[in-house]
Amino acid sequence: MRIAFLSDIHANREALDACLRDARARGAERLVFLGDFVGYGADAAAVVARIVDEVSRGAVAIKGNHDAALDKRSGYFNDAAQAALDWARRTLDSTQRAFLAGLPLTVDDAPRFYVHASAAAPERWDYVDSPAAAQRCVDAAGQTYTFVGHVHDQMLYYEGARGRMLAFQPVPGTAIPIGAHRRWLAIVGSVGQPRDRRPAAGYAWLDDARSEITFIRVPYDHVAAARRIRTAGLPESLAYRVELGI
Amino acid sequence: MSSSASDIDAARVPHGADIDGYRIVGALHAGGNGFVYRVTAPEGRDPGFPLVMKLAAVGPGQPPLALVSFETEAAILRRLTGPYVPRWVEASELSTRPYLVMEYVEGVGLHTHTGRAPLPADEVARIGAALADALHSVHLQEVVHLDVKPENFIVRPGGEAVILDFGYAHHARYPDLLAEERHFAAGSAPYVSPEQLDGRRGDPRSDLFALGALLYELTVGEPPFGEPETYAGMRDRLWRAPVPPRALQPAVSPWLQEIVLHLLEVDAAKRYATAAHVAFDLRHPEQVALTERASRTRALGFAGQLARWWRASRARAPRHATRVHAPVIMVAVDTEHPEDDRLPALQSATRQLIAASADYRLMCVSVIEAAPLGEGPSLSDTASGRHLDHVIRLRHWAEPLGLPESRLSLHVVESGDAAETLVELASANHVDVLVLGAPRPGDKALGWWRSTASSVAADVHCSVHLARVPFGD
């Protein structure tokens, strides 16, 4: 089975459409959304509508910290992020709000495990940003393959010969063999707000039969996405982050 | 660790045994990580070339990491292409009975050649260039072998070398399963590079150090650092200067010592940048720029070794290997028409390419008409005089570039077919970019260029840069 993993869409409709088109063209048979559908971007309603639609056709979706914050205000976010969340609260309808509120924090889909932040304590939204954090996450997940979002930069953690997790920076577009006799943790990257100074949307791709993972970057009209953020009256910083990929 | 084929426990896999349809027809070798057998293909699945199967040594008493090097080889060899590696067939599911199936390469193991060393310089150069060709092909595919040693090369009857065993190799696009396995994955004691002993595995120049150790052994009959049996003994090479080959064998040519010691530099940044540059020097001994390395005839004394030890103990190794951009650039200069206004355009194109490269080699080539049969009255009418004439013109063309001797080489070649000659030279010398003059519309007198440029562009394996005169007619 070929599975596309998309995370941290952040209300960026242009980026989501581009990634879904790319995934379909490559023959994706299943979609897994790893959370953070809202926040930062200007198109929360359109993005959530799209996700609701995909879930009704068999896609998996889990909850991210921005999605959770719609109902439970948190001091966790900076002003710009708060402004985008306020915008999302105003533009989402009640069914969409209920859909997000009802999403699970984790999904166990043996031999795979899906979580937005870390399986070690999903509700604490800890970042998997080091081999040690990756170790805690895979230990808690208990599966061969763990797929994670939250951190916006793509990364592949793998179990070294002595059982410790090691970090590997993947090269986009390269199919990497990931044998089932060791544990792997993929940070799939951000669809809607990449932060590695490259504006192209990121997602990841698993070919189950071949045991290969491919990290992908999809160029899209990020200038249009930034323009919609400005038109919506959201903070300027959110627009240029999308423009510059920071 | 290794034993001869006769030592292989026949009971392990008996002759004639069947493994997933592969039939064992002979035992070749037993090594630290497994056993190698000749096999025949399952019915209906004959790939059209002879096969070997590598069976992993698994179970009690076997090295626990042997399976990891199997996994590494399966991932990397599967993706390597070209005539310098065995063709890949398949790997079994490694969690059951681990084996790899690949091409059986006909030829002579390099250890046969090291076994009859010291060899004459031209033979060292010929074998060495073949090894460098093979390494360059692998390096271009983003792989560092990291266990270059005589047992891992087969020299085919035609002289080309094939690299075996990618169990310790590093691929820039895959997670390194052997990261942090410093002792296990360090390579073989006589040949391993200093930086591998510090756990750095991503630098193609590590293979060049090992190649240097091999060429040293072929030249003088023994490896430069002996065969240390301890890790501490291997670490001596971080500071100890090898005894110069000429101190052991006074007849060794300075150019060969220059190449060998250049490869054996402790600091990877001081070695050759690429295996292509090594192959080039081994094929053009007369063009090797000699330095102080070539003139050493005595081993470094105690004070000198102490100074090296002191420097090494204070040096801090860079954390990450960087891949250097070190192209071989070839420029075709028509010295038969020195007044051609495209020659300055070729110069400026060459200048731009050089400016963009950290390290490079520039080959200036002039293809001239085959020499006339008779000898005329003056020197410039003789074949050698004509040849010299064109070398002088070529040097004159290259002069304004102001290049050091170590970066520049001049080649005058007689040929009736310039395009074919340029394509062959580019391929034989691992050229990355070929610069030549663009054909000019309506230029009847120099129609030569038109056909050369277009057929070279169609046939050559590398990038082609066509230099044009701006606003020329």
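Points to keep in mind about this one:
- Listing of helices (runs of 4 or more DSSP H) fully contained in the stretch B:157-235 that carry 3 or more residues being more than 14 Å from chain A (Cβ to nearest Cβ), modelled with pLDDT of 85 or more and buried (at least 24 other Cβ atoms within 10 Å of the Cβ): B:205-220
- Test: residue in the stretch A:143-152 that is facing another protein chain (nearest Cβ under 8 Å), touching a residue at least 12 places away in the same chain (Cβ under 8 Å) and crowded, with 19+ Cβ neighbours inside 10 Å: no
- Test for residue A:173: is it more than 9 Å from chain B (Cβ to nearest Cβ) and either crowded, with 22+ Cβ neighbours inside 10 Å or part of a strand (DSSP E or B) (or both): no
- Single condition residue A:88 does not satisfy, out of (1) at pLDDT below 95; (2) part of a loop (DSSP other than H, G, I, E, B); (3) crowded, with 24+ Cβ neighbours inside 10 Å: (2)
- Filter pass, residue B:338 being in a loop (DSSP other than H, G, I, E, B) and out of contact with any Pro (no Cβ under 8 Å at 6 or more places or on another chain): yes
- The stretch B:82-104, residues that are more than 14 Å from chain A (Cβ to nearest Cβ) and either surrounded by fewer than 18 Cβ atoms within 10 Å (Cβ to Cβ) or at pLDDT 95 or above (or both): B:82, B:83, B:84, B:85, B:86, B:87, B:89, B:101, B:102, B:103, B:104
- Checklist (1) touching a helix residue (DSSP H, G or I) at 6+ places or on another chain (Cβ under 6 Å); (2) assigned to a helix (DSSP H, G or I) applied to residue B:119, failing item: (2)
- Unique match (being in contact (Cβ under 8 Å) with a residue 12 or more places away in the chain, surrounded by fewer than 21 Cβ atoms within 10 Å (Cβ to Cβ) and either more than 29 Å from residue B:245 (Cα to Cα) or away from every other protein chain (no Cβ under 14 Å) (or both)) among B:128, B:107: B:107
- Contacts under 9 angstrom Cβ, first residue in the stretch A:153-181 being on the phi > 0 side of the Ramachandran plot, partner assigned to a loop (DSSP other than H, G, I, E, B), 6 or more apart: A:163/A:182; A:163/A:183
- In the stretch A:59-71 there is at least one residue that is closer than 19 Å to residue A:195 by Cα and small (Gly, Ala, Ser).
- Residues of the stretch A:201-230 that are touching a residue at least 60 places away in the same chain (Cβ under 8 Å) and of a type in the set (A, V, I, L, M, F, W, C): A:201, A:204, A:205, A:206, A:209, A:215, A:216, A:218, A:224, A:225, A:229.
- Those strands (runs of 3 or more DSSP E) of the stretch A:130-169 in which 3 or more residues are of a type in the set (A, V, I, L, M, F, W, C) occupy A:165-168.
- Considering residues of the stretch A:25-40 that are touching a Leu at 6+ places or on another chain (Cβ under 8 Å) and hydrophobic (A, V, I, L, M, F, W, C) only, the residue surrounded by the most Cβ atoms within 10 Å (Cβ to Cβ): A:37
- Members of the stretch A:176-198 found to be crowded, with 24+ Cβ neighbours inside 10 Å and at the interface with chain B (Cβ under 9 Å from one of its Cβ atoms), listed by number: A:184
The values are calculated or read from the model by the stated rules, or taken from the named source; none is laboratory data. In this text the structure is predicted, and so the values were computed from the model without any measurement. Positions of Cβ are backbone-derived with ideal geometry, glycine not excepted, and every protein chain shown enters the neighbour counts.
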